[in-house]
Structure formats: structure tokens, C-alpha cells
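What follows is a set of notes on a single structure, which appears directly below.
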Amino acid sequence: MNVYKIISDNVKSKLMEIDGVADCLPKEVAIETPKIRDFGDFSTNVAMILARPLKKAPRDIAEMILPKICEISFIENATIAGPGFINITLKNDFLVTPEKYNIVVQKSEPLVIDMDYGSYNIGKALHIGHLRTTVVGDTFNRIARALGHKTKSYNHMGDWGRPMGLIIAWILEYGMPKNADDINVIYPASAARAKEDKDWLERAQKLRDELQSGNPECLKIYNEFAPMSLAQISDILVRLNILPFDENKGERLVAEYVPAVQKILEEKNLIVHDDGADVIPVKLDTDTAPMPPVMWRSSTGAQTYAAADLAAIYYRTTTDNPNDIVYFTDSRQNLHFTQVFRAAKMAGMDSANLQHIGFGTITGADGKPFKTRDGDVPSLGQMMDMVADSVRARATESGKELSDETVEMIALAALKFNDLMHDVKSDYVFDVDSVTQFEGRTGPYILYTTVRLNAVAKKAADMGVAAMADAGTLQAEERNLLLRVMDFERVLENAFARRATDLLANFTYDLAQDINTFYHHCPILRDDVPADVRGARLYIANVARETLLRAIDLMGLRVPESM
Ligand code: ARG
């Protein structure tokens, strides 16, 4: 239930009943939260908007429409402020038991959304550069599903290009890796050698081309190596509590659709031969920045990165018929996606709205891409370990004993929440010690609040305290908390529409703060609290807990029993 929308719709339909006003109403009556809550829970400037068409002073209009607004069943009262603002206060009864008011909420049409995130490379350990695509992509997927949209998540694996040639060259020379640790060493080692050794590079390129054209020996190596690498990727995704991908369909599996796209490109005359390669010019007259053509096929005949993306778009649009295809990658791929989307449009393969969300970089305190103490790019496993170490150190410092599993859950929350709370487009500084703090805008703080509420619920059950909805005497902290809970749906809708998972994370923090303020001012199970007050407060705590747990689940966090 989006409470802003409900108020807006109800105010509008009431105003429609007033002669002469109906025709002048804006499409949507704007509802806002006043800076100072003392004067009302919400406010609207609709009287000011009406002033011009009605040719009257806003205050006079406010006075005229006020009685109508007060007729709305869930509104306690409305007052006029300043030059014509109208402040609205909701009934306590509505805050406590909104379901009694039978409000019909118009659900927006469910959309079909294809999502491309993760999209890892075979033979490379998942590293810090994959954190945001993984965490934000997963949470965005969960939000979309929670809102009733139909999503399909694609792991568009890098498993068919240059790196595969380098890996096969290495394995031909030194054999299959014997243990898990070796899997991710091959590619960097072979790539380093290719830098020094031109023959090696050419050999790798040739092997890539042979793999792509179905050479049995290359395929055999590929088929043995890829599952080992995938198993490792899957282990870390499990550790990060990421939903399984609906399709692990990457560069290799979309190769099948390249000929179909080729045909379309030829029919539309979009391919230009350029120095042995096939390219698709996508520059527009209006471009001021350089806009190189899309590399469709390399001069050696290899399938390119862009070709795989066009083939994937072909597959997704024809199979899923999605409304949107949303890509989550580092912003360094902005140009690539601009090019690919243009080519898709020129080819008429743009039945879906194609959208790329480009992330900023995770940096160290120096503003440069984050590195470990040894100066390496950390793998996601190393990042989790680093955060877990910091959690453990903190626990020891405060004399707490935490099980390994609890430490792991806190570390997960610390790492993910910190990633989610930042605007995806901007860079952010990663500081292990600050993300594991138990106070402030952190994952551990969110978990701590949840653990506390869970403990209250459990203790209340043990004591046989029953929750009772009672709007009799709501304290300010209780009203605030209930208003926050009511805002959850709107936050989810905005997070979805704006592809902004930080809205969810920051809402969760605000909710946790409101919960703790409530808990501080309104003790529940303390001896001196009368039974009826206790039941009413427990009811509110339960409502808040339910929302908090939903938010936590959408962020893919796990909650320990105690901490
Ligand atoms: N595998 C690529 C990389 O690690 C990311 C792929 C992103 N998705 C896509 N459809 N191009 O850089």
C-alpha cells in the first residue's frame, strides 16, 4: 500500500465532487511530508495549484476544500498553514489497523523484466569489481519480484572469447589444474605470458577461433574446465546469499543466434567491411563525443563481445518478450552498451526498452580503486574474509563470543548493506572498519535491531503476552514508526522505477532507527508496563518487525539468533 498515493487519490476524488473544481485539478495531487511533523503527517499544495485556474487566493481555496478533505474516512483532521498549504493528520486507528479501511489499491500492471547482472568470466575469481553488479542486481531482482513483476535473471558468462583461448593454450602445455586454487591462476598467468610472447598470444587467438568453430580437442578442454570454474563461482554466490540465476546463458550459448542476427544486419545493410573485420557504424550526426563502430566480427572471424550481446538481445526479446532488459555493470562499459543498443535499434531488435545501469568504482581512502594491503585486487572471498576478521576483532574487543556462523552473517550484512546504501552511479570508499560498526548506517546495526525485535517476540510468546491492536493512546514514537512502516511500499515502487536499491537500504536504516527510538520510549515487556499497553506495543513491534524482515530479505541478508 503506497500511502502517499492513497491520500492523493482520495483527496482528488473528494475534490472532484466540488462544482467548478473538478476541471481544474492536476493529474495528480502532490502529497509530501512536512518538515515538521507537529503540524501534520502529510501536506499538500493543491490549494496553491488551484489558485490560478480558479482565480482565487490559495487560502480561500484551502478554506473551501478543507471540509471535503476532512470527510475522508482515514483522515483525523486537516488544517491550513501559511499561504495555503493543507496539513493532514491520519487517524490513529488507520495507522494501527489500515486493513479495516478496505482501501482499494490499484496495482500497476506486472512487467516482464530481463536482468543481466553478475555475468562473470570463466577462469577468473569473482573480485571486487563484481560486488556491485552481484549485490545490486540480486536485490533489484528481489524487489521487482516482490512488486509482482516477472523477472528473468541472466548470467551472461564470459566463456567464449580471448580468455578461453589463453586458458586452453595453458592447459595444452601444462595440463588440467589439479586443485581448486589453480583454476583462477591459469588465466592471469597465460595473459601475462601473452604480453611478453607474441607467439603465445597468436596461439591463444587461434585456439579461441578453433574453439568457436567447434574443434573437438578445444571443446573437450572447455567442457572439463568450465564446470570446475562454475562450481567455484557458485560457491561464492552461495556465500553471498545470491538467488540462483534463471539462466546461465553467456557468450558461448548465445553463439547459436549470431547467424540470425547476421541475417537481419545484412538485410538492413548495416554491416561495413573494415580492414578485414565486419563493423556496424552507429555514429549519429548529433554525436559530439567519439562513437566508434560496433565490432561485429573480428578480422580473424572470432565472435566479438558486442556480437554476443546482440545475439543475447535477439534471444531474450524473441523468447521472453520483455518490457525491459536491464544491464548492471561497471560504468566503464557505458560506451559498449550505448553502441550495442544503437545497433539493436537500427536492426529493429528494440522491442524491449534497453537500459544500462553503470556503477561507480569502489575505492580506498586514497580515492583509487580499492586494493588489499598487499596491493592486490581482492577477490570476493577475500573481501568477505576481511570483513569477517573485522567483525571477529570487534566482538573480541567487547568481550563477546560469536559463533563462526554468526560472524559470517554479520560480515555478509556489513558488506552488502554498505554496497546497497550508496547510489549505484557514484564511487564509494570502502573501509573495512567502518562497515562493521554496530552503530550508525551499517549492516550490523540493522541486524542488531532485528535480533532485538526477534528476541522481544520470542520472549513475549514465552510469557504468553498477546499482541492487541489498540489505537487508544499512540505516543509520538509509535505514530512515527507506524508511518514509516506505511511508507515501505512506496519506497519499493520508487526503488524499482528508479533502479535505485539505495532507497531500500536507506529506508531500512530509517526504519531501524525508528524502531530503536520506539523501543527506548515505549518499553514492552518491562514489569511496570500495564497489560493493555504491553499488548498494544507488542502489536506495533510485530508490525515493524514484519516490515524489517521483508526489507532484510530483499537485501539478501541473513539474521543470526543472537549477536
Ligand atoms: N563478462 C563481462 C565482464 O566481466 C560482463 C558482462 C556484462 N553483461 C553483458 N551482457 N555484456 O566484464
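We did not get these values from a lab; they are worked out from the coordinates using the rules stated. Treat the numbers as computed from the prediction; the structure is a model and nothing was measured. Counting neighbours? That spans all protein chains shown, and the Cβs are built from the backbone with ideal geometry, glycine included.
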Label-point separation in nm, residue 397 to residue 52, each point 7 Å along Cα→Cβ: 5.6 nm
Cα-based equivalent ellipsoid of segment 318-469: semi-axis lengths in Å, sorted from largest, via gyration tensor: 39, 25, 12
Set of lysines near residue 459 by C-alpha distance (under 26 Å), chain-local residues within fewer than 8 positions excluded: 400
3J(HN,Hα) from dihedral phi, segment 241-251, Karplus parametrisation 6.51/-1.76/1.60, rounded to Hz, x for glycine, proline: 6, 9, 4, x, 6, 5, 9, 8, 10, x, 4
Under Karplus coefficients 6.51, -1.76 and 1.60, residue-wise ³J(HN,Hα) of segment 427-442 in Hz, glycine/proline x: 6, 9, 8, 9, 10, 3, 5, 7, 6, 9, 4, 8, 10, x, 6, 9
Tail fraction, Cα-Cα pairs, segment 439-513, threshold 14 Å, whole percent: 71 percent
Neighbour-count ranking [beta-carbon atoms within 10 angstrom, fewest first] of 370, 328: 370, 328
Exceeding the 30 Å Cα-Cα cut-off - candidates 124/425; 35/458; 35/68: 35/458
Using a Förster distance of 30 Å, the FRET efficiency for residue 299-residue 182 (Cβ separation, nearest 0.05): 0.35
Partner aspartates and glutamates for residue 55 [C-alpha distance under 14 Å; skip if fewer than 8 residues away on the same chain]: 23
Fraction of alpha-carbon pairs over 26 Å apart in segment 57-187 - percent: 60 percent
Rh by Kirkwood over Cα pairs, then Stokes-Einstein D for the chain at 0.890 mPa s and 25 °C, µm²/s: 90 µm²/s
Neighbour net charge for residue 111 - beta-carbon separation under 13 angstrom, K R +1, D E -1: 0
Segment 358-462: relative contact order as a whole-number percent, Cα under 8 Å and 6+ apart: 33 percent
Local electrostatic count, residue 451, Cβ distance below 12 Å [Lys/Arg +1, Asp/Glu -1]: +3
Relative contact order [Cα under 8 Å, 6+ residues apart], the chain, whole percent: 14 percent
Angle between the chain longest axis and helix 501-521 axis [Cα atoms, degrees, rounded to 10]: 40 degrees
Förster-model FRET efficiency, 45 Å R0, residue 33 and residue 288, C-beta, rounded to 0.05: 0.65
Separation between Cα centres of segment 492-548 and segment 338-392, rounded to whole Å: 32 Å
Restraint check, 283/345; 27/91; 195/249, Cα-Cα greater than 18 Å: 27/91; 195/249
Relative contact order computed over segment 298-395 (Cα-Cα under 8 Å; 6+ residues apart), in percent: 25 percent
Hydrodynamic radius (Kirkwood) for segment 1-82, which is based on Cα pairs only, to one decimal in Å: 13.0 Å
Cα-based Rg of segment 162-273 normalised by 2.2 N^0.38 Å, two decimals: 1.28
Potential lengthening between residue 109 and residue 217 on full extension [0.36 nm per residue; Cα-Cα distance subtracted]: 33.9 nm
FRET efficiency for residue 239 and residue 459, using Cβ-Cβ distance with R0 set to 35 Å, rounded to 0.05: 0.65
Of all DSSP beta bridges in segment 41-141, antiparallel share, percent nearest 5: 100 percent
